[in-house]
Amino acid sequence: MNMKRVLLKSALVMVVAGSLAACNDETSNSAEDTASKVGDQVEQTMDKAGDAMDDAGDAISDQATDMGNAIEDTCEKAKEGVNAEDTDC
């Protein structure tokens, strides 16, 4: 989330710089509106990227669980095949 802060701070700097450079209220409002929109878009992009990373992590975790279950099932079947007393793995 450090990147999000950097981008939001950059947007804030753009707003301040635009406000200071403005010659009148109309230009100032326009610069503030533009900087605000840019900041909102950056925030939305960062949120979407974070959501995608969370989804990828969940998918990897699910696959690891499925693989572990498949290994355990194979182990138990092998133990059953040799008539082992304890078939748990």
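The values are calculated or read from the model by the stated rules, or taken from the named source; none is laboratory data. These numbers come from a predicted model, not from an experiment. Because the Cβ atoms are built from the backbone with ideal geometry, glycine has one as well, and the counts that use them run over all protein chains shown.
Some points to look at:
Yes/no per residue for (1) at pLDDT below 90; (2) closer than 26 Å to residue 12 by Cα; (3) among the small types (Gly, Ala, Ser):
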{"residue": "55", "(1), (2), (3)": "no, no, no"}
{"residue": "59", "(1), (2), (3)": "no, no, yes"}
{"residue": "63", "(1), (2), (3)": "no, no, no"}
{"residue": "67", "(1), (2), (3)": "no, no, no"}
{"residue": "73", "(1), (2), (3)": "no, no, no"}
{"residue": "84", "(1), (2), (3)": "yes, no, yes"}
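- From the list 32, 85, the lone residue that is of a type outside the set (A, V, I, L, M, F, W, C) and either in a helix (DSSP H, G or I) or in contact with a helix residue (DSSP H, G or I) (Cβ under 6 Å, 6 or more places away or on another chain) (or both) is 32.
- Taken as a whole, segment 72-80 holds no residue that is part of a helix (DSSP H, G or I) and under 30 Å from residue 3 (Cα atoms).
- Filtering segment 14-38 to residues that are modelled with pLDDT of 75 or more and of a type in the set (A, V, I, L, M) leaves 35, 38.
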